[in-house]
Amino acid sequence: MREWQPTASMQNLRRRAQVIDSVRSFFAAQGILEVDTPSLSCAAVSDPHLFPFATDFVPEGGGQAQTFYLHTSPEYPMKRLLAAGSGAIWQICKVYRNGETGRRHNPEFSMLEWYRPGFDHHRLMQEVDELVQLVLGCGPARKVTYAQLFAEHLRVDMHQCSTDDLASLGRRHCGFQGELDRDGWLNLLFSHCIEPQLQQPTMVFAFPASQAALARVVPDDDSVPSAARFEMFIEGMELANGYFELTDPAEQLRRFEKDQMQRRALGRSPLPIDSRLVDALQQGLPDCAGVALGIDRLIMLALGAASIDEVIAFPFARA
């Protein structure tokens, strides 16, 4: 048995270090502050489709145990820094998502996240594109709306079609015979029928307003109000997910509570809401855009690797 050995070659680990050095140089050249935030939080991500790892802190000598969660993203504490006046910030950190394993997934992986006060999602798309071109030596990404991709690949007007129309497409193209809500069918069709076709660098924006997550809803990205967010794809793989950030604390709390309701509807236990983030928004989050980019996936693309195991030393199976 040789399971003590790394799955990535030493050459790949050296090239990984070079990619990270180039990322650090990119931000240093622009004077953006590198920060370091906790991996453990007393609150958890609200997204009902993400599953955080939980652990108990037990005070030395005894006492009441307290549950903490390994973060799925450093987003919440980074926004607290922004509200405290940090200005533009970035970091590369380990994040953790339970249940995610595969050729492009590891439960513990590296994320690059940064926030730019004064930027909207379009300006941040440009900066993400600049970084990716620098690392990969590729051309600029195509910018295209979510609805336009549905028209191109599925020949459907996403804004006008009914949920039954989407269900019919989902059953025909994906073979799924269960029941989903409208966003469920949209997500299924996008992931199975559209995402694999996005081989060249592509920035997808103007997502449905119902998929805004922590982004604003804006009136002018498409023919209907849409989420001010974007995702970048290369070789059929999602690389980055960015938002023109929501700054309204009441709306943020409403969305957290809606996520909890959806968790219950899916038969999942509710998780603690991050009240500290809501308090920070009440203090005042500057207008800003933020993005999370999968560093391991970026390195996969830079090295031409087929599996994440080729670019990380010890994946989950060898942890």
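The values are calculated or read from the model by the stated rules, or taken from the named source; none is laboratory data. All values derive from a computational prediction rather than experimental measurement. Every residue, glycine as well, gets a Cβ built from its backbone with ideal geometry; the counts of neighbours run over all protein chains shown.
Filter the stretch 298-311 down to the residues that are assigned to a loop (DSSP other than H, G, I, E, B) and touching a residue at least 12 places away in the same chain (Cβ under 8 Å), then identify the one that is surrounded by the fewest Cβ atoms within 10 Å (Cβ to Cβ).
If we filter the stretch 298-311 for residues that are assigned to a loop (DSSP other than H, G, I, E, B), which is where we start, we get 304-307, 311.
Still in the list and also touching a residue at least 12 places away in the same chain (Cβ under 8 Å): 305-307, 311.
Numbers: A305: 18, A306: 10, S307: 15, V311: 26.
Filtering the stretch 298-311 for residues that are assigned to a loop (DSSP other than H, G, I, E, B) and touching a residue at least 12 places away in the same chain (Cβ under 8 Å), the one surrounded by the fewest Cβ atoms within 10 Å (Cβ to Cβ) comes out as A306.
Find all pairs meeting these conditions: Cβ atoms under 9 angstrom apart; at least six residues apart or on different chains; first residue within the stretch 283-297 and assigned to a loop (DSSP other than H, G, I, E, B); second residue aromatic (F, W, Y) and surrounded by 23 or more Cβ atoms within 10 Å (Cβ to Cβ).
D287/F244
Under 18 Å from L293 (Cβ atoms) and of a type in the set (S, T, Y): which single residue out of S9, S41, S73, S86 fits that description?
After applying the criteria, what remains is S73.
Within the set of pairs 6 or more residues apart or between chains, which connect a residue that is closer than 14 Å to V135 by Cβ inside the stretch 15-38 to a residue that is surrounded by fewer than 13 Cβ atoms within 10 Å (Cβ to Cβ) with Cβ atoms less than 7 Å apart?
F27/E34
Which residue out of G290, G242, G267 is at positive phi and of a type outside the set (K, R)?
Testing whether each residue is at positive phi and of a type outside the set (K, R) leaves just G267.
Just a yes or no: is a residue in the stretch 102-112 modelled with pLDDT under 95 and exposed (fewer than 15 other Cβ atoms within 10 Å of the Cβ)?
Yes, the stretch 102-112 contains at least one residue that is modelled with pLDDT under 95 and exposed (fewer than 15 other Cβ atoms within 10 Å of the Cβ).
For the stretch 40-49, enumerate the residues that are crowded, with 17+ Cβ neighbours inside 10 Å and without any contact (Cβ under 8 Å) to a residue 60 or more places away in the chain.
Hits for the stretch 40-49: nothing passes.
Restricting to the stretch 39-49, count the residues that are of a type in the set (A, V, I, L, M, F, W, C), more than 13 Å from S269 (Cα to Cα) and in a loop (DSSP other than H, G, I, E, B).
Within the stretch 39-49, residues that are of a type in the set (A, V, I, L, M, F, W, C), more than 13 Å from S269 (Cα to Cα) and in a loop (DSSP other than H, G, I, E, B) number 2.
If you take the residues of the stretch 50-61 that are touching a strand residue (DSSP E or B) at 6+ places or on another chain (Cβ under 6 Å) and in a loop (DSSP other than H, G, I, E, B), which of them is surrounded by the most Cβ atoms within 10 Å (Cβ to Cβ)?
That would be P52.
Select from the stretch 127-158 the residues that are at pLDDT 95 or above and not in a helix (DSSP H, G or I) and list them in ascending order. Write out each step before concluding.
Initially, the stretch 127-158 is screened for residues at pLDDT 95 or above, giving 127-157.
Within the stretch 127-158, G137, C138, G139, P140, A141, R142, K143, V144, T145, R155, V156, D157 qualify.
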